[in-house]
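Structure first, commentary second.
The values are calculated or read from the model by the stated rules, or taken from the named source; none is laboratory data. These figures come from a predicted structure and were not determined experimentally. In this analysis, Cβ positions are derived from the backbone assuming ideal geometry, glycine residues included, and neighbour counts consider all displayed protein chains.
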């Protein structure tokens, strides 16, 4: 976090949550024996300190050793903090009420009276806080055990007046953000590939972030991914993580950076995917044609490097009557892509829906929406449409709650 005020605010909430978590445990065991109370206090702080120490160690060494295990260790504080943040709400409200009562009592107590008598914390509220805290803890734990690979197929019908007649009913399948470095076995992606093949799509597209950081992360999964079936070429594009920009040795040695990127592009080819780096490919059907355009990672956010050349890729698409663009970062849609009104459909990923949130028919919310205006699902401006796929893999938190891993199937129809 570059803003010191935000950093201190976050740290303040963390300290407050930890303290109130301790207060809840202390209150619940207040009638136990002195030995039980002492060990409950020691156990709370040993557990808290141990979890934070493991997470810090895993974060500082995350690029070496068992990176999958370290991602789980780095997530442990998230589970506990989520629980304690929820516990904080009733306990903080209770303390505000207690403070108000104490102030009123002090103001109305006659001189020489016993003003400000201590008001004990409610044991009921402490138990309630612990019960409420268990909800996000269990939810996030479920997200790690089950949600991370609970693959979901989303079906979306898109209507366009300019869609060539031969492509009416054309099925396009999108996957994104596989982050293969996060998997500790090949079984989940083998399952995902079987689901992809069952959809019978005409065209399959992958919109970036095949790996977390290093090209070799995908290599154990090449046999599985190469089994995706398609009569047409499978097209892919690069995401921000594919360049290795987050690896210190690559930043320090551009030759190693280039070698990693070239190896990654070769791995796309080994899978059987055609990588569209600022290029266009035409698909012909029944005498009609559409253009599939792909650009390297491009973003309007300053935290991400723009590698793509949209003018070059767009120029190659010529006068194709219908154009699909693969652009990993959805922030580029509003800032640049909308300046090209003949780009009908943009497919993006990148946000993951932050792998956490509420994804209900009547309510869609995730913390990522405060950083990205377009962050999950379908967006439209005039005739142009953007779809943000929340990803097939996971990164950081090794789980998903609310925004499950997604395979999107579009049916293109003439309006």
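Can you say whether residue 266 is at pLDDT 95 or above and within 24 Å of residue 375 (Cα to Cα), as far as the supplied structure shows? The answer is no for residue 266. Filtered by the rule that a residue be within 25 Å of the chain's Cα centre (by Cα) and either closer than 18 Å to residue 134 by Cα or without any contact (Cβ under 8 Å) to a residue 40 or more places away in the chain (or both), region 13-55 gives 14, 17, 51, 52, 53, 54, 55. Would you mention how many residues in region 226-249 are under 24 Å from the mean Cα position of the chain (by Cα), at pLDDT below 95 and not in a loop (DSSP other than H, G, I, E, B)? Result for region 226-249: 1. Is region 79-86 home to any residue that is surrounded by fewer than 17 Cβ atoms within 10 Å (Cβ to Cβ), more than 18 Å from residue 23 (Cβ to Cβ) and either at pLDDT 90 or above or touching a helix residue (DSSP H, G or I) at 6+ places or on another chain (Cβ under 9 Å) (or both)? For region 79-86, residues surrounded by fewer than 17 Cβ atoms within 10 Å (Cβ to Cβ), more than 18 Å from residue 23 (Cβ to Cβ) and either at pLDDT 90 or above or touching a helix residue (DSSP H, G or I) at 6+ places or on another chain (Cβ under 9 Å) (or both): absent.
Listed here are the residues, each with its yes/no results for (1) buried (at least 22 other Cβ atoms within 10 Å of the Cβ); (2) in a loop (DSSP other than H, G, I, E, B).
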site: 174; (1), (2): yes, no
site: 211; (1), (2): yes, yes
site: 218; (1), (2): yes, no
site: 224; (1), (2): no, no
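Given the structure, is residue 373 out of contact with any helix residue (DSSP H, G or I) (no Cβ under 6 Å at 6 or more places or on another chain), more than 15 Å from residue 150 (Cα to Cα) and part of a loop (DSSP other than H, G, I, E, B)? Criteria met by residue 373. A Cβ distance below 7 Å, combined with a sequence gap of six or more or placement on separate chains, defines the contacts here; from region 127-141, residues that are outside the structural domain of residue 356 (by TED's automatic domain parsing) and free of Cβ contacts under 8 Å to residues at least 40 places away in the same chain reach residues that are buried (at least 16 other Cβ atoms within 10 Å of the Cβ) and assigned to a helix (DSSP H, G or I) in the pairs 128/90. In this structure, does residue 408 turn out to be assigned by TED's automatic domain parsing to the domain that holds residue 160, under 18 Å from residue 297 (Cα atoms) and either in contact with a helix residue (DSSP H, G or I) (Cβ under 6 Å, 6 or more places away or on another chain) or in contact (Cβ under 8 Å) with a residue 24 or more places away in the chain (or both)? No.
When residues of region 291-327 are filtered for being over 12 Å from residue 343 (Cβ atoms) and in contact with a helix residue (DSSP H, G or I) (Cβ under 6 Å, 6 or more places away or on another chain), how many remain? Adding up the residues that qualify gives 6. Determine whether region 154-162 contains at least one residue that is surrounded by fewer than 21 Cβ atoms within 10 Å (Cβ to Cβ), assigned by TED's automatic domain parsing to the domain that holds residue 384, at pLDDT 95 or above and part of a helix (DSSP H, G or I). No: region 154-162 contains no residue that is surrounded by fewer than 21 Cβ atoms within 10 Å (Cβ to Cβ), assigned by TED's automatic domain parsing to the domain that holds residue 384, at pLDDT 95 or above and part of a helix (DSSP H, G or I). State yes or no: is residue 387 more than 21 Å from residue 202 (Cα to Cα) and touching a residue at least 40 places away in the same chain (Cβ under 8 Å)? So residue 387 does not fit the description; no. The numbered conditions (1) at pLDDT below 95; (2) buried (at least 20 other Cβ atoms within 10 Å of the Cβ) are all true for residue 273 except (1).
Take the conditions over 26 Å from residue 69 (Cβ atoms), in contact (Cβ under 8 Å) with a residue 60 or more places away in the chain and assigned to a strand (DSSP E or B) and apply them to residue 283. Does it pass? Considered against the rule, which asks whether it is over 26 Å from residue 69 (Cβ atoms), in contact (Cβ under 8 Å) with a residue 60 or more places away in the chain and assigned to a strand (DSSP E or B), residue 283 comes out as yes. Looking only at region 286-296, residues that are in contact with a strand residue (DSSP E or B) (Cβ under 9 Å, 6 or more places away or on another chain) and in a strand (DSSP E or B) come to 6 in all. The residues on offer are 308, 349, and the sole one that is in contact with a strand residue (DSSP E or B) (Cβ under 9 Å, 6 or more places away or on another chain), buried (at least 19 other Cβ atoms within 10 Å of the Cβ), at pLDDT 95 or above and closer than 26 Å to residue 67 by Cβ is 349.
Specify the residue that is surrounded by the most Cβ atoms within 10 Å (Cβ to Cβ); the eligible residues are those in region 135-153 that are touching a strand residue (DSSP E or B) at 6+ places or on another chain (Cβ under 7 Å) and within 30 Å of residue 324 (Cβ to Cβ). The selected residue is 147.
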